[in-house]
Amino acid sequence: MLAFTLRRAIQAIGVMIAVGIISFSMFRFAGDPVNQIVSIDTSAAERAAIRKSLGLDDPVPVQFARYFANAAQFKFGVSYQFRLPVADLLKERMPATLELATCATILAMVVGILMGVYSALKRDTLLAKIFQAVSLIGISLPTFLIGILLIYLFAVVLGWLPSFGRGDVVRFGWWTTGLLTVSGLKALIMPSITLGLFQMTLIMRLVRAEMLEVLRTDYIRFARARGLTTRAIHFGHALKNTLVPVITVAGLQFGSVIAFAIITETVFQWPGMGLLFVQAVQNVDIPIMAAYLLMVSLIFVTINLVVDILYTVVDPRLRSTIDRPA
Amino acid sequence: MPLRQTLFAATAAFAVVFAMTPASSQTLRYANQGELKSLDPYTLKETTTIAHHAHVYEGLVTRDKDLKIIPALAESWETPEPTRWRFHLRQGVKFHNGDPFTADDVIFSADRVRAKGSNFLTNVPADAKFIKIDDYTVDVKLDSPNPILTSQWDGWFIMDKKWCEENNAVAPTPASATTPSYASLHENGTGPFTIESHQPGVKTVFKVNPNWWRKPEHNLKEIVFTSIGSAATRVAALLSGEVDVIEPVPTQDIQRVNASGTATVMSAPEIRTIFLGMDQVRDELLYSNIKGKNPFKDIRVREAFYKAIDVELIKNRVMRGLSTPSALMVAPQLYPLSKDFTRTKPDPDGAKKLMAEAGYPDGFEVTMDCPNDRYVNDADICQAVVGMLARIGVKVNLLAQPKAQYFGKVLKPGGFQTSFYLLGWTPSSMDSHNVLYDIMGCRDDPKNATRGEANLGGYCNKELDALADKILIEPDTAKRDQMIKQAFEIGIKDYGYIPLHQQALAWGVSKKVKLTQRADNEVLFYWATKQDE
């Protein structure tokens, strides 16, 4: 068991180093940051001085070694645009992204499971067909388009919800939350739907397929033969067995929800890490780009690692194969 | 422009009415596509940033609604000798923290703005010596006369010496700072607003400064600034009434905003000139199928290019009417004799003939560098140019890139790597000399290393350079304007550049808000009034 965990951890570190190399190589190829820092009529001598002070004149291996040593200590340097440490900027933006990602995931889970169960049980009803159609839209329409459509309808035409931003936030230490104010909650609705729609339709289709599968199995027939209530069969037995793969997928998807919040955050001007990243790309603010890439891969690697380990905890059959080296 | 004056008068009258009612009661919400990065006024010379800073900081001089230089922290000034200026400072002005404003602050700011790391080095001449005469009088001694000294000072804001010293912010926050400085996160100016909170890249809240020395023309109690990068969201926020002012409005949304009934687009020509340039220095173009020689060295080819381009068509088709075709490399607002120049009509047949004379009857191939996220419809303009040049047989391969890559390639640090390009320029001193020096001046001048710094094509005429040097020190305005005219005539005769147009400003403004639009695109709310909700 320990050997397995260690092996996985070493693999994870390998992935992080690979990502580190990629994110460092951005420093070389993403355009000249000096142009973004100064104005167009800044003299060449001034530009050279700035280049030197940023360490952009050093040989590549030296820059790489410096970059890696700092990144290992969570020192990502100072943002070229904001003149603030990148770690501080990420810390400040993190609550917004995590809150949005969590809300989107919960929304996707709850609504997705309900819709999935319903369309599996009442396959031929009109509502089930509508759900199917909606899920097709959710899977095929790009996020930014959904966001803009929602803004147009609910902010411009109806005027119910704010079109951008996070509303008023309450501060607890370094954490800020929009969950405790009316404007904050209102501001959360459209971005959560936009971000969660893809996951929601994915879960809905997954639940529907699994549920149909489970309903055909023998133990459900036995349960019916025993005379259990339909309710107990559907929710006590069928749904429970459906949820194992759903939770796995949802867990893994949480990482991509955080990573793909970039687009939603841009459309809604949500002050999270994704927006920070997009602004960084536009301004060739490489320290932020590199740090963001590293951080997202760290989230992915961690979730994967945890899921791998959890499997063995949840499923004893897996554990026995691991402990017996092949 | 009587209409414009009437509007100003109306605005002023409106402001007076409001000044009598309990003033400063409104919250104005403003969204810009760019963000406010540093609060240190010497860090970044960029229009939007300077406009933000102008709400909290003030210079010795400022520009009025028509861009004329007027007194600000300096009450008046005179030039007893051509090389010595005397400034009388305004008395009784206080910084936001209560410190009094004195001559020491001016001398301190003059040192700080010229210190290493400042982005405003060109605003205050290096040879200017600031001498304190008494607490409210400062002399500026120059090595050579400089009639546009105060014009260059717009955008140079005065900081509090004591405050900077106490907070370890004596040195300007350089663009490459590795630790954040106090001055980049806090402000202490003398201006009409103070900053209550500043989250870089997210939100900045300005509060009115009740102790401002000037009588406010606005009726605001606070300004909430948010950056909204996505154009569609920015327009939606304006139409839904969540923000009162947005800048810019994308050209394709102007109709929609005007039709909304809740907001309108304020539009006027900007002073930025968009033009095309050609590499006239290299013996062989970097990106062309002509080997061994440079077709742009032949004036006939440059003239043919000039004649092939139809600026009216660009205005009507690409800019949707929102541009002012230009014969000069400087905007008419900045040069009174602009009306003496007219752009010759496009003449594709004449252009073809010239190409044949120059030895290119079948044209040639050349790559054009173009930004695609810097100026209004920049990539579309280039696309139109490609089509127009195709008519005279020139095959243009368009390389439209984001500004980060574009500037990295074509500017001086990138080695001027371009054969044919589109660029926009606003003279930072609001004066023609800046254009004649930075854009039209010869590169590699041994005496002036900065001459021709943005002359990407390397156009060069020594006669023009000599004139530019005289223009800098000529104190007589009428004579000076005539010399500028001569210089521009040389540039036109050489077909050194192909000026296209001045693009239009487009601000989206709620009908509740009255705003003054200045041609340098600085959105300034100390002239704004907002009706009760």
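The values are calculated or read from the model by the stated rules, or taken from the named source; none is laboratory data. Keep in mind that what you see is a predicted model, and the values were worked out from it rather than measured. Cβ sites come from the backbone with ideal geometry, for glycine too, and all protein chains shown count toward neighbours.
Observations, loosely collected:
- Segment A:267-309, residues that are in contact with a Phe, Trp or Tyr (Cβ under 9 Å, 6 or more places away or on another chain), of a type outside the set (Val, Ile, Thr) and more than 21 Å from A:TRP175 (Cβ to Cβ): A:ALA280, A:ASN283, A:ASP285, A:PRO287, A:MET289, A:ALA290, A:LEU293, A:LEU294, A:ASP308
- Going through (1) surrounded by fewer than 19 Cβ atoms within 10 Å (Cβ to Cβ); (2) of a type outside the set (D, E, K, R); (3) at pLDDT 90 or above one by one, A:TYR152 falls short only on (3).
- Test: residue in segment B:141-150 that is over 26 Å from B:TYR30 (Cβ atoms) and among the hydroxyl-bearing types (Ser, Thr, Tyr): yes
- Among (1) over 24 Å from the mean Cα position of the chain (by Cα); (2) touching a residue at least 24 places away in the same chain (Cβ under 8 Å); (3) not in a helix (DSSP H, G or I), the one test that B:SER76 misses: (2)
- Checking every residue in segment B:409-427 against the condition of being aliphatic (A, V, I, L, M), assigned to a loop (DSSP other than H, G, I, E, B), within 16 Å of B:MET329 (Cα to Cα) and within 13 Å of chain A (Cβ to nearest Cβ) gives zero matches.
- Spans of helices (runs of 4 or more DSSP H) in segment B:120-203 with at least 3 residues under 26 Å from the mean Cα position of the chain (by Cα) and within 14 Å of chain A (Cβ to nearest Cβ): B:182-185
- Where helices (runs of 4 or more DSSP H) fall entirely within segment B:231-329, those with at least 3 residues that are under 21 Å from B:GLN383 (Cβ atoms) are at B:299-308.
- On inspection, B:ASP340 passes the criterion of being under 24 Å from B:HIS433 (Cβ atoms) and not polar (S, T, N, Q).
- Residue check, B:SER230 facing another protein chain (nearest Cβ under 10 Å) and either surrounded by fewer than 22 Cβ atoms within 10 Å (Cβ to Cβ) or under 25 Å from the mean Cα position of the chain (by Cα) (or both): yes
- Where A:ALA120 falls short, out of the listed (1) within 14 Å of chain B (Cβ to nearest Cβ); (2) surrounded by 12 or more Cβ atoms within 10 Å (Cβ to Cβ): (1)
- Within the span defined as segment B:376-398, every residue fails to be in a loop (DSSP other than H, G, I, E, B), within 22 Å of B:TYR459 (Cα to Cα), among the small types (Gly, Ala, Ser) and more than 14 Å from chain A (Cβ to nearest Cβ).
- Hey, B:GLY34 assigned to a loop (DSSP other than H, G, I, E, B) and at pLDDT 90 or above or not: no
- Those helices (runs of 4 or more DSSP H) of segment A:208-326 in which at least 1 residues are crowded, with 20+ Cβ neighbours inside 10 Å and at pLDDT 85 or above, considering only elements entirely within it, cover A:239-267, A:273-282, A:286-314.
- Any hit, segment A:139-147, residues being outside any loop (DSSP other than H, G, I, E, B), within 14 Å of chain B (Cβ to nearest Cβ) and of a type in the set (Ser, Thr, Tyr): yes
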